[in-house]
Structure formats: structure tokens, C-alpha cells
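Just so it is clear, none of the values below were taken in a lab; they were calculated from the coordinates. This structure is a prediction, so every number in the text was calculated from the model and none was measured.
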Amino acid sequence: MKIDKLLCNGRKRLFMSYHHEALLEAKVPNRLHMTHDGMAVLQFLRKEQLYNESPHPDLVLLDLNLPGLEVLAQIKQDPALRTIPVIILTSSYAEGDVLKSYDNHANAYVTKPVDLEKYFTISRTHR
């Protein structure tokens, strides 16, 4: 069974592509849908504008740099979206970011390595 995931990251396309590339290299068999900013995340989830035919994701990977906390709060306040699990995927180890994420009902907080090769190594080991 394939799972739709929405990978949301506010950094430049190159940064986004290495998330995707790492997941592909790890042979993650899921369809990935990426957006470039917080507004696009919400439009995708609500099937608005360019995303009117978007699938309902089973999981959202959300980067704090999006700005993720504001998007997370809106997802979890929307009755139609709040049941979608949201995983914060970030390079921040700040305790405040972790606490704010869970205060806004994130389902998990995963700290990713900043080093590209370490990111690929982790992706390969967590198949």
C-alpha cells in the first residue's frame, strides 16, 4: 500500500530536493507531494486553487523554517485537517521549538542532520 505524504519545506528548491532524493534513495515506496511555502501547504490540504485535485495525505512532514509552527497550528485547528498526523522535520535542536511543536499538537519531532551525507545515511538506515 502506498501512502501519500506531503513534504513541506520553506527553503530553496535545492534543499527540498535532497529530502526527496534521500527518500527515493532509501526506496521509500510512497508518493510525495511538495510545496514551497506555508500558504501552499494549506491550499494543498484544503484542495484550493492550484491544488483542487490534490489527494488527501496520510502524513505531513513539516519543516519549522516554513514557518512551520503557524502552519501546524492552522492544520490542527481545522476540523477537516486535524486528524492528519504532522511530523516536524527540522535541523533545530532548540528545546523551545520542540515544546512549541508539541504544544501545537505535532505528532512527532524529528531532528535531521544538517550535513547532506549524514542525511542520506539516516534515510538509508530507516527503511
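So here's what we get for this one:
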quantity: Linear extension gain, residue 73 paired with residue 52, 0.36 nm per residue minus alpha-carbon span; calculated: 5.4 nm
quantity: Fully extended contour minus Cα-Cα distance, from residue 83 to residue 31, at 0.36 nm per residue; calculated: 16.8 nm
